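**Student:** First the structure, which I've put down as structure tokens, then a few questions once you've had a look.
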Amino acid sequence: MAGRRRKNVGAETGEGAAAEAVLPADLDLQDLYGAFAAHGLDDEDLDDAAVLVPPVKLLPETELAVLAKAVPMFGYALAMARWAAPHRVVDALGDLVEEDRAPAARLLGLAPAEGEVPEGAEIEALRAWSLACDLDLVELGTTEDGRHVAVPGPDLEPAEEGDPDTVLELWLTAAGIVRELAVDADSLPEEPEEPAEGEEGEADEGALDEVEEARQAAAELLDEALQVLYETTAFADPGQETVPLGVLAALLVVPEGEEPSEEMLGDITDLMVALDPMLADLAELGMLDYRPIDPELFDEDEGEGPVVVGEEPLDDEESARFGLVRLTPLGQYGVRQWLLEDGYDAPLVGDLAQGDAAELLHAVCESVNVLPEEELKVWLAGREPLAAARELLAASRGSDAYAPMRRVLAVEALRQLGAGAEPAAREVMDDPELGGAARAWLAGLGRTDVPAPERAMALWTVIDTFAAQLLGGGEGAMRELIADLPVGDESSGWFAEVWRVDHPYTADVLEAIGELHPERAVAKEARKAAFKARSRQ
């Protein structure tokens with residue numbers, strides 16, 4: 001797939017952003033992916049991170065193969081290949097001969113068993129035959145007497161039997177063909193200009209260059225749109241992955257942090273019109289659920305100009321007339337395969353949920369492309385809650401660079417496990433590293449017999465919690481924690497205690513508070529405390 005040219009990758013969304021216009025690509029990369037960046041991540045690493053795509057959940061290949069066989073266009077190709085047995089005469093180009101086209105249309109259920117066959121039905125039958133040939137479901141040859149014939153290919157039988165590897169390989173090849181044809185169709189000039197006398201050769205060459213440039217632009221546009229839709233399947237709740245076509249186009253046009261200008265609104269409309277036929281083609285092969293643009297919206301009769309998206313607020317029903325699109329499970333599979341072929345890291349949810357608790361936490365913390373809660377959910381599935389909680393808490397101890405993140409993950413696991421993990425949390429209430437977080441979690445369950453932590457433990461837990469946010473790159477969450485600091489008017493006294501906390505990240509946390517705290521006096525005290533902590537280290 002082509003590299004992105006989207007203008008808003010990595011943008012942060014403010015509180016005033018319209019909720020319906022927010023997609024994952026608008027948000028901060030670290031906030032989205034929960035990526036636990038290495039301490040001291042440099043600019044080069046951040047540039048690399050910007051091309052990552054999020055982990056997704058795929059259906060099992062057996063289920064995907066069933067879905068692929070249920071796609072009409074793919075099923076037609078299989079039916080045509082079976083119809084070729086034991087052999088079928090074709091023309092010199094491998095197409096169905098004239099007398100076979102109507103029977104083929106009837107075979108596919110595109111025309112009534114009796115009576116005249118509509119021309120469109122024969123065209124669809126020819127398309128199905130062409131796809132069967134492209135997929136090598138039928139093979140072409142010549143007999144000894146010079147006749148051109150087609151016979152079923154070796155993949156037909158395993159495909160008919162539903163062999164997942166065969167079906168998905170064929171379907172993915174078909175998807176690639178449809179994708180190429182969709183791009184080619186979008187890049188053809190509507191009205192080629194007539195060359196002047198004596199300029200035929202130069203005009204032909206120039207026209208070919210223009211078509212190739214248009215084709216590349218269309219391919220890049222379609223790839224970018226598919227990548228955005230792929231992201232929505234990772235971050236949207238099930239059933240909520242449908243995106244208005246106008247929102248999809250806006251994400252490809254509007255630079256980060258900007259409101260769309262009048263010119264941009266026109267560009268958004270143009271992109272919608274360009275994407276509409278290409279998405280419709282991919283929907284035919286089951287990659288997308290797509291409701292196309294209502295053609296009446298762009299009716300220019302009676303002197304009215306075309307509708308421009310974004311000029312007036314739309315309700316849900318009116319917005320749907322501008323097109324709605326969702327990547328299907330098959331589409332998810334297909335886009336991921338294309339991403340992998342192009343060298344992208346396109347992981348699956350659960351890839352890191354292997355081995356014991358220590359291996360899980362180590363892998364999640366060191367990955368820059370991970371959904372931590374999802375990995376925990378996969379790892380916890382089927383495990384006995386109390387044993388799992390004990391294992392995770394034990395694995396979260398330590399003073400190395402990623403230890404704060406491991407403890408955050410362990411507490412998240414407690415949250416997912418619920419009351420079944422309570423005995424494990426009570427066992428570590430006096431642990432100097434885990435006690436503060438364990439007591440806070442138990443108090444959150446409503447347990448009234450849990451004593452408040454001692455001052456030293458409470459301060460250490462504060463630093464540990466802040467350190468986890470520093471590692472995670474979540475500046476928004478960091479600002480919220482800073483806003484809730486119990487410093488009051490006597491900030492110097494609080495910081496005088498904190499800089500002495502024996503934690504590897506004490507100085508880093510204090511420096512972050514000094515940089516981000518909105519009150520100048522508090523920020524100054526934090527910076528002074530950071531200097532003392534750094535000198536102590």
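**Student:** Of the conditions (1) over 28 Å from ASP400 (Cβ atoms); (2) in a helix (DSSP H, G or I); (3) not basic (Lys, Arg), PRO486 fails just one. Which one is it?
**Tutor:** (2)
**Student:** If GLU433 passes every condition in (1) in a helix (DSSP H, G or I); (2) closer than 30 Å to ALA419 by Cβ; (3) free of Cβ contacts under 8 Å to residues at least 60 places away in the same chain but one, which one does it miss?
**Tutor:** (1)
**Student:** Yes or no: LEU221 in a helix (DSSP H, G or I), at pLDDT 90 or above and over 20 Å from PHE74 (Cβ atoms)?
**Tutor:** When the stated conditions are applied, LEU221 passes them.
**Student:** Has the range 378-388 got any residue that is in contact with a helix residue (DSSP H, G or I) (Cβ under 9 Å, 6 or more places away or on another chain), buried (at least 24 other Cβ atoms within 10 Å of the Cβ) and farther than 26 Å from ALA346 by Cβ?
**Tutor:** no
**Student:** Which is within 37 Å of the chain's Cα centre (by Cα) and either modelled with pLDDT of 95 or more or not aliphatic (A, V, I, L, M) (or both), of ARG500, ARG455, ARG479? Let's see the steps before the verdict.
**Tutor:** Details: ARG500 fails: within 37 Å of the chain's Cα centre (by Cα); ARG455 fails: within 37 Å of the chain's Cα centre (by Cα).
Answer to the selection: ARG479.
**Student:** Separate question: Tally time: how many residues in the range 372-405 are touching a Gly at 6+ places or on another chain (Cβ under 6 Å) and under 21 Å from LEU58 (Cα atoms)?
**Tutor:** Total satisfying the criteria: 2.
**Student:** On the basis of being surrounded by fewer than 22 Cβ atoms within 10 Å (Cβ to Cβ) and among the polar types (S, T, N, Q), does THR233 make the cut?
**Tutor:** no
**Student:** (1) in a helix (DSSP H, G or I); (2) in contact with a Ser or Thr (Cβ under 8 Å, 6 or more places away or on another chain): which one isn't true of LEU352, the others all being true?
**Tutor:** Every listed condition holds for LEU352 apart from (1).
**Student:** Is there any pair linking a residue in the range 164-189 that is modelled with pLDDT of 95 or more to one that is β-branched (Val, Ile, Thr), with Cβ under 8 Å and at least six apart or on different chains, and which?
**Tutor:** What qualifies is PRO164/THR62; TRP171/VAL71.
**Student:** Take TYR344 and decide whether it is part of a loop (DSSP other than H, G, I, E, B), of a type in the set (Phe, Trp, Tyr) and within 21 Å of ALA225 (Cα to Cα).
**Tutor:** For TYR344, the condition - part of a loop (DSSP other than H, G, I, E, B), of a type in the set (Phe, Trp, Tyr) and within 21 Å of ALA225 (Cα to Cα) - is met.
The values are calculated or read from the model by the stated rules, or taken from the named source; none is laboratory data. These numbers come from a predicted model, not from an experiment. As a convention, Cβ positions derive from the backbone with ideal geometry for all residues, glycine included, and neighbour counts pool all protein chains shown.
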